[in-house]
Amino acid sequence: MAKIYRRNFVFLLGIAVTAWSRAAPAQQPEQRGVLTKSQRDALDAYNDALNGFREVLRERRAQLNSNQPLPGLPGQALYLARIRMMSAYKDLTDALPSKIGRANKFGIPPAYFDADSEPLIDEYRALFDILEAPPANAQSSDTPFKDVVDLGAAIARTKGLDAANAEVAGRICLGLFFAETNGKQNVGNARSNTYKGSLQTGPAEDQNGQKKWAAMKRSIAAFDPALNARDDREEARVGNLDHRFNHWTAVRDGLANAHADLFAGIPVIAKALPDPIDQMKLFELIQIIPSPTRAALKSGDLTSYKISDPRIMGFLRNNSIFTFGKADRAKTSATIREILDAMWLFNDKFDRALSLYGQIKSRS
């Protein structure tokens, strides 16, 4: 089932409140007289959304600083305010293309985001880092990125892949880790009470992953006894703790649950999508809309497969795909190729995963 309240880890770093509170002044109305009504309306809507985003950031920071009780799902209002701001900006630049400004440090297309608002997003990310901090009893790893790659490759080998294609699987899995948690171990989720941990799984998904891993464990022990021994140590370590808050078991179970059965198709997928970033995006789609993505893989024409179910399009929008601006939200259908192209908010994450993967392999 698609995750209606999936996380959206797109931004990094946090800076002082004094910086963002002065940042991104609302558009001034000096030239309002030369604007059409629709352009003035778009400008007013953006100013309103920008001020609303700034206000919810202030409110949540004040609550945290003074140890006030937080609302349930404390990240949801932050997320919705950011979406509203970016949507309103896209509507503004559609109505008034001259408002498209300079490039921003997040790699967001300038038509969707005003670079003057960067400090607001820094504060947004800093707040989520607090709200989604791992629990005190979480069990981290000293080699979190290599763990993901090794587990992905090992699972792929149980599905019959050769060494080269197993490495592709490991690389894709590292991308998933960044897509789900920005490469952070054992995190919570400020927008959901269900999805937790290094691969953001729910309890049922994790339990199913444990069963699938158990079925392939003997095979893994035969070709990689060192990895199997590590797994035994982590199982002993986690004990009765929620497996999702041990980095190793969370990643292991998450991959075994959602992706293992598709690894056998990696040679075909790599041929259809030779770009490693597109491969990562496709497997992230399996996290977001599993059934339609699996259907597309079976169709024989992956990139041209069209999705038009309004419910599925809603799941995409809830994950920052076709989310921003009236034109994007008006789309009633899309091909897999169009969906992959619309996943531009994931590009920076996958670029970092790809770079890190290269470092891991060079050290190996």
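Table for the structure above
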read-out: Some residue of the range 34-57 being modelled with pLDDT under 90 and open to solvent by 20 Å² or more (accessible area, probe 1.4 Å); value: yes
read-out: Test: residue in the range 329-339 that is assigned to a helix (DSSP H, G or I) and crowded, with 18+ Cβ neighbours inside 10 Å; value: yes
read-out: Residue pairs meeting the criteria (Cβ under 6 Å; at least 6 apart or on separate chains; first farther than 16 Å from Y89 by Cα, in the range 324-350; second acidic (D, E)); value: L340/D278
read-out: Enumeration of residues in the range 297-316 that are without any contact (Cβ under 8 Å) to a residue 24 or more places away in the chain and assigned to a helix (DSSP H, G or I); value: K298, P310, R311, M313, G314
read-out: Number of the condition not met by T293 [criteria: (1) among the hydroxyl-bearing types (S, T, Y); (2) open to solvent by 20 Å² or more (accessible area, probe 1.4 Å); (3) within 25 Å of G170 (Cα to Cα)]; value: (2)
read-out: In the range 232-271, the residues that are within 23 Å of the chain's Cα centre (by Cα), of a type in the set (A, V, I, L, M) and open to solvent by less than 20 Å² (accessible area, probe 1.4 Å); value: A250, V251, L255, A256, A258, A260, I266, I269
read-out: Residues of the range 61-87 satisfying the condition of being of a type outside the set (F, W, Y), within 22 Å of the chain's Cα centre (by Cα), in a helix (DSSP H, G or I) and surrounded by 15 or more Cβ atoms within 10 Å (Cβ to Cβ); value: A77, L78, A81, R82, I83, R84, M85, M86, S87
read-out: Qualifying residues in the range 167-207 (those that are without any contact (Cβ under 8 Å) to a residue 60 or more places away in the chain and not in a loop (DSSP other than H, G, I, E, B)) - the one most open to solvent (accessible area, probe 1.4 Å); value: Q207
read-out: Cβ-Cβ under 7 Å pairs, at least 6 apart or on other chains, the range 214-233 side under 11 Å from A154 (Cα atoms), far side modelled with pLDDT of 95 or more and among the acidic types (D, E); value: L227/D150
read-out: Residue within the range 197-216 that is on the phi > 0 side of the Ramachandran plot, modelled with pLDDT of 95 or more and not hydroxyl-bearing (S, T, Y) present; value: yes
read-out: Counted residues, the range 17-33 - those being modelled with pLDDT of 50 or more, assigned to a helix (DSSP H, G or I) and buried (at least 16 other Cβ atoms within 10 Å of the Cβ); value: 1
read-out: Qualifying positions in the range 347-364 - modelled with pLDDT under 95, closer than 18 Å to D150 by Cα and either in a helix (DSSP H, G or I) or touching an Asp or Glu at 6+ places or on another chain (Cβ under 9 Å) (or both); value: K361, S362, R363
read-out: In the range 97-128, residue farthest from W344 (Cα to Cα) [restricted to those that are open to solvent by 60 Å² or more (accessible area, probe 1.4 Å) and part of a helix (DSSP H, G or I)]; value: S98
read-out: Where Q210 falls short, out of the listed (1) part of a helix (DSSP H, G or I); (2) touching a residue at least 60 places away in the same chain (Cβ under 8 Å); value: (2)
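The values are calculated or read from the model by the stated rules, or taken from the named source; none is laboratory data. Since the structure is predicted, the reported quantities are computational estimates derived from the model, not experimental observations. All Cβ positions, even for glycine, are placed from backbone atoms using ideal geometry, and neighbour counts span all protein chains on display. Each accessible area value is taken on the protein alone, full model and side chains, heavy atoms only, with ligands, DNA and RNA left out. Shrake-Rupley method; radii C 1.70, N 1.55, O 1.52, S 1.80 Å.
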